[in-house]
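If you scroll down you'll find the structure; I have some questions about it.
The values are calculated or read from the model by the stated rules, or taken from the named source; none is laboratory data. None of these values were measured; they are calculated from a predicted model. Cβ sites come from the backbone with ideal geometry, for glycine too, and all protein chains shown count toward neighbours.
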Amino acid sequence: MSQFPQLRMRRKRLTPWSRNLTRETRLTVHDLVLTTVITDSKAAEGPVASLPGVARLGLDALVEQAKEAASLGIPAIALFPHIDPTRKNATASEALNADGFVPAAIRRLKAEVPEIGIIVDVALDPFTDHGHDGLMLGDTIDNDSTLELLAKGAVILANAGADIVAPSDMMDGRVGLIRDALDHAGHPDVMILSYAAKFASAFYGPYRDAIGTASALRGDKRTYQMDPANADEALQEVALDLQEGADMVMVKPGLPYLDICHRIKSEFAVPTFAFQVSGEYAMIQSASENGWGDSDRLLIETLTAFRRAGCDAILTYGAIRAAKLLAGE
Ligand code: PBG
């Protein structure tokens, strides 16, 4: 036995060029989806305290961000609306307003930044006064009456020009119903990105602040979002959504659920997205603000980890920052 190591793992790590040459996973700007919070209320525009670096955008600012994202090569933008509380009610009627704020935002983006793909959440929580993603029947969230609303809402978003609708409500059967409704409404090419494995997570806190549902939310979402302890169940959710016609599936939150991403990609080999949610992004930003970490490096490292786990794309509030870093800024 030689006194020297037979194989020196460190050889390949010695220079930047050889690290580049042997790198297994590439993170590129094409893997990023810019996550934005938009608001219909002038007074609510501006920074979100619990989400450092993210602002609620009015439509002019949204168009500016979308232009910047497109010029950097970011393929798509995802919209999350903060709706004035006076327009919320128990039946989420604003979600069915074809002249509402979200359809208007989509129309402006389509007109002014046609080169970027538009992804819009289909869920009732921005529009309900109780903060839930479905209709309440007494104390319960009613699956089947919610489905009809989701399907109608998805058609309204598609009519306005959404390229991808993303049901994030976790009601059973919604993907199939939405697919059917889109096809009947003449939108066979509008894609469905289903939040197939969405967990009842404590990482959504800053988002709920951002869209103004944190204080309104009655109870929690554990009767429809998944138990963080479950993984086989996530595969079952994905199988169902694919059967019902989902074009892409999403795991949410992201980083604590990389095992789920990996299992989905290995099992189904379909486009698999992850959402680096508000709480994950806030952790990175707050560590950095406190001098406990470098937000740029944390961002690139976490996004690369998603790719290594098998994700095809990542929704992140840090997409513009990451795109600039990748471009060598
Ligand atoms: C719900 C929805 C959630 C997020 C986006 N849409 C979670 C929730 O409130 O249950 C979270 C996004 C984030 O935390 O960044 N329809």
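If I filter the range 169-178 down to residues being surrounded by 23 or more Cβ atoms within 10 Å (Cβ to Cβ) and not hydrophobic (A, V, I, L, M, F, W, C), which single residue comes out as modelled with the lowest pLDDT? Working first, answer last.
Applying the first criterion (surrounded by 23 or more Cβ atoms within 10 Å (Cβ to Cβ)) to the range 169-178 yields 169-171, 174-175, 178.
Cutting the leftovers down to not hydrophobic (A, V, I, L, M, F, W, C) gives us 169, 174.
Values: 169: 95, 174: 98.
Taking the candidates together, the pick is 169.
Ok, one more. Just a yes or no: is a residue in the range 266-275 more than 28 Å from residue 151 (Cα to Cα) and either touching a residue at least 24 places away in the same chain (Cβ under 8 Å) or outside any helix (DSSP H, G or I) (or both)? Explain how you work it out, then say what you get.
Step one: list which residues in the range 266-275 are more than 28 Å from residue 151 (Cα to Cα), which gives 266-267.
Next cut, either touching a residue at least 24 places away in the same chain (Cβ under 8 Å) or outside any helix (DSSP H, G or I) (or both) only: 266-267.
Looking for residues that are more than 28 Å from residue 151 (Cα to Cα) and either touching a residue at least 24 places away in the same chain (Cβ under 8 Å) or outside any helix (DSSP H, G or I) (or both), one finds at least one in the range 266-275, hence yes.
OK, next. Looking only at the range 179-202, count every residue that is among the charged types (D, E, K, R), surrounded by fewer than 24 Cβ atoms within 10 Å (Cβ to Cβ) and either within 12 Å of the ligand (Cβ to nearest atom) or not in a helix (DSSP H, G or I) (or both) and tell me the total. Outline the logic, then answer.
Step one: filter the range 179-202 for residues among the charged types (D, E, K, R), giving 179-180, 183, 189, 198.
Cutting the leftovers down to surrounded by fewer than 24 Cβ atoms within 10 Å (Cβ to Cβ) gives us 179-180, 183, 189.
With the extra rule that they be either within 12 Å of the ligand (Cβ to nearest atom) or not in a helix (DSSP H, G or I) (or both), the set shrinks to 189.
The qualifying residues number 1.
Just checking, which of 212, 205, 161, 153 is over 24 Å from residue 309 (Cα atoms) and away from the ligand (no atom under 14 Å from the Cβ)?
161
Ok, one more. Specify which of the listed residues (91, 36, 86) is under 24 Å from residue 134 (Cα atoms), surrounded by 19 or more Cβ atoms within 10 Å (Cβ to Cβ) and hydroxyl-bearing (Ser, Thr, Tyr). I'd like the intermediate steps shown before the answer.
On the way: 91 fails: surrounded by 19 or more Cβ atoms within 10 Å (Cβ to Cβ); 86 fails: surrounded by 19 or more Cβ atoms within 10 Å (Cβ to Cβ).
Of the residues listed, the single one that is under 24 Å from residue 134 (Cα atoms), surrounded by 19 or more Cβ atoms within 10 Å (Cβ to Cβ) and hydroxyl-bearing (Ser, Thr, Tyr) is 36.
Please verify whether the range 52-69 includes one or more residues that are modelled with pLDDT under 95 and touching a helix residue (DSSP H, G or I) at 6+ places or on another chain (Cβ under 6 Å). Walk me through it before giving the result.
Just the residues of the range 52-69 that are modelled with pLDDT under 95, to begin with: 52-53.
From what's left, touching a helix residue (DSSP H, G or I) at 6+ places or on another chain (Cβ under 6 Å): 52-53.
The answer is yes; a qualifying residue exists.
Are any of the residues in the range 295-307 within 15 Å of the ligand (Cβ to nearest atom), in contact with a helix residue (DSSP H, G or I) (Cβ under 9 Å, 6 or more places away or on another chain) and assigned to a loop (DSSP other than H, G, I, E, B)?
no
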